[in-house]
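Enquirer: Handing you a structure now.
Just so it is clear, none of the values below were taken in a lab; they were calculated from the coordinates. The structure displayed is predicted, hence computed values, not measured ones. Glycine gets a Cβ as well: all are built from the backbone with ideal geometry, and neighbour counts include every protein chain shown.
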Amino acid sequence: MKIQKILGILIVLVMLLNVVTPALAANEVENKESTVSTEKTEELEEKNLEKIENNAEVKALAETEESTEGEDAGEKSKTETKETTEGDGTGKEPDASEGDSKQDEDEDEVVWTDFSKAKFELKKSGAIGAVIEISGVTPTEGSIYHIYLSDDGSAPVADVVGYKDDLALTYDKDSKTFKCIDLEVRNAVELNKDIYVSVSELNAKADEHVILSGKKLTRYVEPKYSDAFFATFMTSDADQIVTNFTHSSENNRKLQIKIGKITDQNILQKIKNQDSAGFADLLKYAKSNAGIYNETLNADKDTSSIEYNAYAGEDTGNKVIQLNGVADKAYYYLYVKTDDENGKYFPNEAVTLALSSNTSDNHWSMFFYGQEDFEWIDFGDGSDNTIATGTIPQTGETAMVAIVIALVSVLGVVGYINYKKYRDVK
């Protein structure tokens with residue numbers, strides 16, 4: 001009976017346990033879920049709070065940066081304003097036209113002509129002139145150019161209106177060269193000194209400016225054979241010896257005149273055969289030969305070329321050269337040398353030859369190489385053997401000397417007048 005009650009109680013307990021246990025389990029699960037949910041909620045709230053705080057910090061930082069930038073911009077604006085108003089010392093804002101003026105000044109900046117690749121040449125011009133030529137330069141439109149000569153390479157001396165002793169420099173579009181043809185160039189060539197040239201430029205934007213200074217020029221070689229003479233003749237009654245050396249009329253010169261008979265037939269044969277060594281040999285021969293006449297005379301004064309003129313019956317200040325013992329149908333040399341007058345002038349020398357003619361009454365004439373009356377004769381027996389005469393690079397009218405000796409003096413005057421009329425004085 002007791003056992004049955006115990007069993008009955010146990011059964012009731014088991015049943016109660018079956019009922020209570022699931023409820024407790026469910027309640028535990030519910031509590032657990034509630035706990036988890038609460039934790040998640042708290043965690044989410046914490047994150048949201050953190051995000052809100054971060055956003056607030058970012059916003060505050062952004063506001064701070066904007067404030068700083070605003071302050072910097074304000075300071076910059078103040079600085080620029082201060083610089084603008086203080087720039088001209090007046091405290092006022094400058095006119096916008098001042099900027100345009102500065103731009104105009106930049107546009108008007110002077111650019112001088114480039115002479116870095118210029119080629120300078122000193123050349124003979126015509127019979128007695130000289131020219132300075134400059135190539136390899138492109139001129140600037142509107143510019144004016146001058147050159148200045150010196151013997152030591154010194155720069156031009158400034159004057160009130162530019163520079164002293166300027167010479168015009170013109171541009172030749174055909175040859176694309178600058179040229180200066182002036183009596184001062186001749187004078188510089190004639191003097192025994194170095195020749196230096198400087199160049200200046202003048203334009204509308206600036207005062208005259210020396211763009212090149214102290215360029216040394218190389219002398220050209222003067223003619224020294226038959227082409228060194230112009231319209232030259234000699235007779236027993238008249239002399240006209242005209243040289244083609246560069247000369248300025250302001251320089252009155254002295255001239256050594258030497259005449260002698262050519263006895264070396266090898267020299268004559270070379271010249272006759274157009275051998276280029278012939279005249280070089282003749283120059284050596286004339287300088288070493290004693291000759292039949294050798295004097296240094298005053299050349300004509302104030303003339304365009306270095307020359308000696310004398311006529312019987314006329315007062316030229318010069319005496320007719322007298323030669324004794326001139327043979328008929330013989331060859332003579334004429335040698336001349338300009339006196340340097342103790343180094344003042346640059347010395348030049350030249351030689352040519354002539355065929356002589358002499359009559360029984362001792363009236364003689366010299367027919368110079370390259371003239372119509374010059375001819376070659378047989379060197380052996382002296383008989384006539386006319387051949388073509390040699391040609392020379394000589395300009396001007398050929399001097400004519402009459403065969404009739406009685407008319408020589410008159411024709412000499414005529415020849416001198418023709419010479420003055422046709423002389424190349426470039």
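Enquirer: Going by the alpha-carbon gyration tensor, a ≥ b ≥ c the square roots of its eigenvalues, is region 119-216 rounded (a/c under 1.5) or, if a/c is not under 1.5, prolate (a/b greater than b/c) versus oblate?
Expert: Numbers: a/c = 1.93, a/b = 1.20, b/c = 1.61.
Since a/c reaches 1.5 but b/c is at least a/b, the shape of region 119-216 is classed as oblate.
Enquirer: How would region 226-352 be classified by its alpha-carbon gyration tensor: rounded, prolate or oblate, with rounded meaning a/c under 1.5 and the a/b versus b/c comparison settling the rest? Before the final figure, lay out the partial values.
Expert: Details: a/c = 1.97, a/b = 1.34, b/c = 1.47.
The shape class here is oblate.
Enquirer: Okay, moving on. Peptides 228-234, 309-315, 349-355: what's the order by average Cβ count within 10 Å, highest mean first?
Expert: 228-234, 349-355, 309-315
Enquirer: Quick one: Thr218, Thr235, fewest Cβ neighbours within 10 Å first, how do they rank?
Expert: Arranged by neighbour count, lowest to highest, Thr218, Thr235 become Thr218, Thr235.
Enquirer: Next question. If I take R0 = 22 Å and measure r between the Cβ atoms of Val110 and Lys193 in this structure, what FRET efficiency does the formula 1/(1 + (r/R0)^6) give, to the nearest 0.05?
Expert: Taking R0 as 22 Å, the efficiency between Val110 and Lys193 is 0.05.
Enquirer: Assign one of three labels to region 263-306, namely rounded, prolate or oblate, based on the Cα gyration tensor with a ≥ b ≥ c the square roots of its eigenvalues; rounded applies when a/c is under 1.5, prolate when it is not and a/b is larger than b/c, and oblate otherwise.
Expert: In terms of gyration-tensor shape, oblate.
Enquirer: Also, quick follow-up: So what's region 285-378 giving for Rg/Rh, alpha carbon basis, Kirkwood Rh from the mean inverse pair distance? If you can, show how the numbers build up before the last one.
Expert: Details: Rg = 15.1 Å, Rh = 15.4 Å.
Radius of gyration relative to Kirkwood radius: 0.98.
Enquirer: Do the alpha carbons of any pairs in Lys272/Lys301; Lys224/Lys270; Lys272/Lys329; Lys284/Lys329 sit beyond 25 Å of each other, and which pairs? If you can, show how the numbers build up before the last one.
Expert: Values: Lys272/Lys301 36 Å; Lys224/Lys270 17 Å; Lys272/Lys329 15 Å; Lys284/Lys329 23 Å.
Long pairs (Cα-Cα over 25 Å): Lys272/Lys301.
Enquirer: Okay, next question. So what J values fall out for region 146-159 if you push phi through Karplus, 6.51 cos²θ - 1.76 cosθ + 1.60 with θ = phi - 60°, rounded to Hz, Gly and Pro as x?
Expert: Along region 146-159, the couplings run 9, 10, 9, 9, 8, 10, 9, x, 5, 6, x, 8, 5, 10 Hz.
Enquirer: Let me ask something additional. Give me the one-decimal nm value for the distance between modelled label points at Asp152 and Asn294, 7 Å along each residue's Cα-to-Cβ direction.
Expert: Modelled inter-label distance: 3.9 nm.
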